[in-house]
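The values are calculated or read from the model by the stated rules, or taken from the named source; none is laboratory data. Since the structure is predicted, the reported quantities are computational estimates derived from the model, not experimental observations. Every residue, glycine as well, gets a Cβ built from its backbone with ideal geometry; the counts of neighbours run over all protein chains shown.
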């Protein structure tokens, strides 16, 4: 247990100040978290846990228009949560990297624990 400081708090202000990320890191983190902060985007990301998925499959599973799905995918690309490749007329999306997979698994696991009886 930490020793209380002169003001009665347990953590020194200097230590707290060092713990606060720099502005650019905060901005990037906020953009990344916004990618997770929408039900449709979270569903798309969950589908991508299965591997590379064609846009048409996302449209079919979600029952949304292609333009609505494309809008969400554009946001996910902007947040650097997904990457894509084109093969002929088809576009395939996948999670950007293992960090995204770990974050998504953590979010879904924690949510399952909260919801489970």
**Message:** All but one of (1) free of Cβ contacts under 8 Å to residues at least 40 places away in the same chain; (2) more than 17 Å from residue 101 (Cβ to Cβ); (3) in contact with a helix residue (DSSP H, G or I) (Cβ under 8 Å, 6 or more places away or on another chain); (4) surrounded by 13 or more Cβ atoms within 10 Å (Cβ to Cβ) hold for residue 82; state the number of the condition that does not hold.
**Reply:** (2)
**Request:** Hey, can you tell me all the residues within region 22-36 that are loosely packed, with under 11 Cβ neighbours inside 10 Å and either in a loop (DSSP other than H, G, I, E, B) or touching a helix residue (DSSP H, G or I) at 6+ places or on another chain (Cβ under 8 Å) (or both)?
**Result:** 22
**Asked** Looking at this structure, is residue 64 modelled with pLDDT of 95 or more, surrounded by 13 or more Cβ atoms within 10 Å (Cβ to Cβ) and assigned to a loop (DSSP other than H, G, I, E, B)?
**Response** yes
**Prompt:** Of the residues that make up region 76-84, is at least one part of a helix (DSSP H, G or I) and either at pLDDT below 95 or at positive phi (or both)?
**Reply:** yes
**Request:** Write out, first by first residue and then by second, each pair whose Cβ atoms fall under 9 Å of each other, whose residues are 6+ apart or on separate chains, and whose first residue, in region 1-26, is on the phi < 0 side of the Ramachandran plot and modelled with pLDDT of 90 or more while the second is in a helix (DSSP H, G or I) and surrounded by 10 or more Cβ atoms within 10 Å (Cβ to Cβ).
**Result:** 20/26; 21/29
